[in-house]
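Just so it is clear, none of the values below were taken in a lab; they were calculated from the coordinates. This structure is a prediction, so every number in the text was calculated from the model and none was measured. A quick note on method: Cβ atoms are made from the backbone with ideal geometry, for glycine too, and the neighbour counts reach across all protein chains shown.
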Amino acid sequence: MEKAIIVEGKTSTEAIEKGLKQLKCRREDVEIKVLENEEKRSFFSILEPRIVKVEMTLKKGKKEVRKEKEDNVTPEDIEKCEENIEKFLNNFVNQIKDLEYVISKENKSINIEIKGNNSSKLIGYRGETIKALQTIISAIGNKNVVNRVKVLVDVGGYKEKREETLKELAKKLEKTVKRNGKKIVLEPMSSYERKILHTELQNSDYVTTYSIGEEPRRRIVIDKKQ
C-alpha cells in the first residue's frame, strides 16, 4: 500500500517541505495534490490564519528500494572499501607532516577521523574542505565495491564542535523569533547541518523549522508557530 500523508503550511511550498521532511524523501519521490489552495479563501475566512493542506503520496517502491540498497551492504563490501581507503590515506598522510587517521566501522558505514598538528588545514571555511575530502575518499573507497558503503570523514573533532555551535545558534534564533515574531532565513547549509537545527528545535513550543531552495543553496527557515 502506498504511504500518504496530509500536511499543512502557510503556503503550498511550506507544506510540501514539511511533508518531505516527514517522509524523509525527495520531491521526485512523491505525488503531490493541493487540497486547500491559498488562493481560494472565502470572505468569512479572511481573518482566519492562512492554512494550505497538501496530500503527499510516496510513490510505490521508493522507500523499499532505498532500504534494500542499504541492507545489501556486505562485510566483503566494507572490507574492500576499507582496504581502498587505507591505501589512499597512507599515501595522503605521508604528504603532510604531523597527520594521522583512525578508521572505525559502525552500522554498515566507515568513519574516518583525521587528526594531528596540521589537521586544521583540512577543515576549510565552515567545513567545506572536509566535505570535499569526504566526497573524494568515498569515491575512492567504493571503487570496485559491489554495494556502495557510506563513508563519513571528520577532522580534529570539527563536526562535534560545529554541532554544539549550531545547537547554541538554534536556541538564540528561537528566542529572537519568539521576541519579534518575524521568521529568519539562514544562509545555505549542508543537509548534515540542517538536520542538527531541525532536531534541536523540533520540540519547540514557539517556532517551527523547514527548508527551502535547492542544493547546494538549500536554507533553513525558522518561523513562529501559529
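What translational diffusion coefficient, to the nearest whole µm²/s, does the chain have by Stokes-Einstein, given a Kirkwood radius computed over alpha-carbon pairs, a temperature of 4 °C and 1.567 mPa s viscosity?
On the way: Rh = 20.4 Å.
D, rounded to a whole number, is 64 µm²/s.
Stretching E83 away from E163 to a fully extended chain increases their span by 25.8 nm, per 0.36 nm per residue minus the current alpha-carbon distance. Between the helical axis of 158-180 and the longest alpha-carbon principal axis of the chain there is an angle of about 20 degrees.
Explain nothing, just the number: dipole magnitude of the stretch 72-156 about its Cα centre with +1 on each Lys and Arg Cβ and -1 on each Asp and Glu Cβ, in debye rounded to the nearest 20. If you can, show how the numbers build up before the last one.
Working: 12 positive and 12 negative charges, 62 e Å.
Roughly 300 debye for the stretch 72-156.
Once you order the gyration tensor axes a ≥ b ≥ c over the Cα atoms, which shape class does the stretch 158-226 get: rounded for a/c under 1.5, otherwise prolate or oblate by comparing a/b with b/c?
Values: a/c = 2.01, a/b = 1.29, b/c = 1.56.
Oblate.
Along the charge dipole of the chain, pointing to its positive end and built from +1/-1 on Cβ of Lys, Arg, Asp and Glu, which listed residue (G213, G116, F92) has its Cα farthest out? In the chain, that residue is G213.
Could you calculate the FRET efficiency of R126 with K105 from 1/(1 + (r/R0)^6), where r is the beta carbon distance between them and R0 is 25 Å, rounded to 0.05?
Values: r = 28 Å, r/R0 = 1.11.
With a Förster radius of 25 Å, E is 0.35.
Between 0 and 90 degrees, the angle of helix 75-95 with respect to the longest Cα principal axis of the chain falls at about 70 degrees.
Around the Cα centre of the chain, unit charges on the Cβ atoms of Lys, Arg, Asp and Glu (plus for the first two, minus for the last two) sum to a dipole of about 820 debye. Relative contact order for the chain: 15 percent, from Cα pairs under 8 Å spaced at least 6 residues apart, divided by residue count. Among L58, L99, L197, the residue with the largest mean-square fluctuation in a Gaussian network model of the chain, with springs joining Cα atoms closer than 10 Å, is L99.
Taking label positions 7 Å along the Cα-Cβ direction at both T135 and K224, the computed distance is 4.0 nm, reported to one decimal.
Which shape class, rounded, prolate or oblate, goes with the stretch 72-156 when its Cα gyration tensor gives a ≥ b ≥ c as root eigenvalues, a/c under 1.5 marks rounded, and past that a/b bigger than b/c marks prolate? It would help to have the intermediate numbers written out before the result.
Values: a/c = 2.14, a/b = 1.76, b/c = 1.22.
Here the stretch 72-156 falls in the prolate category.
When DSSP beta bridges are restricted to pairs lying wholly in the chain, around 80% turn out antiparallel. In terms of surrounding Cβ atoms within a 10 Å radius of their Cβ, E106, E113 rank from fewest to most as E106, E113. Length gained on full extension, V185 to K53: 45.3 nm, using 0.36 nm per residue less the C-alpha separation.
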